[in-house]
Amino acid sequence: MGYGDITVAHPKELSYITKSKKKNDRVDSLKLAKLHLVGMIPESNLLDPEDRIFRDLLIQRVKLGRSISSTKNSIIGYLKREDIFNSLPEGTDNFSAKRRKSMKEIRFGNQKDLVLSTMMDRLEFSEKQIIPFETEIRKKARDSDDVKLLMTIP
């Protein structure tokens, strides 16, 4: 006996079973079988291996982006707390090359130097880590028909 047709059901959309009063494997399996027979099981989207890898790339890119944002906010907060932020060179970008250079040159003469330099190092490290993810995502996007279609929208 083989399995000619296997369907992976979407659990959140199977409220028909989860909300029923009579709950046991026999009753639930009968309900699933009837739904499957008439083609009404809400299916889960199963990604192929290539799409799973791409999803993993996107997830890591997002996590790195959040980490960078968090680190930048920490640096700004630290510099504001120490009343130094407003003395940085003017600019619309809080982390322009000119402002970064100024941030790196700040010296407190105590352990605050270690705190600030560690935050700046963490920011640079995360920004370096994100580059290969963006490169791979760009490659994939360039070859995607969906992306090409989106690019035609004014």
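Listed values (1) 1.24; (2) 1.01; (3) 1.54 include one computed from this model; for Rg/Rh (Cα atoms, Kirkwood Rh) that value carries the label (1). Mean Kyte-Doolittle of at least -1.0 plus a Cα span of 27 Å or more along the axis: flag which DSSP H helices in the chain meet both, please. Counting only whole DSSP H runs, the qualifying helices are 49-81, 112-143.
With a simple spin-label model that places each label point 7 Å from the Cα along the Cα-to-Cβ direction, the separation between ILE76 and LEU150 comes to 2.6 nm.
Across the cross-link table entries LYS63/LYS98; LYS63/LYS104; LYS104/LYS139; LYS63/LYS101; LYS12/LYS128; LYS63/LYS140, which are compared at the Cα atoms, the separations over 30 Å belong to LYS104/LYS139; LYS12/LYS128.
Read-outs throughout are calculated quantities, based only on the coordinates presented, and are distinct from any laboratory measurement. None of these values were measured; they are calculated from a predicted model. A quick note on method: Cβ atoms are made from the backbone with ideal geometry, for glycine too, and the neighbour counts reach across all protein chains shown.
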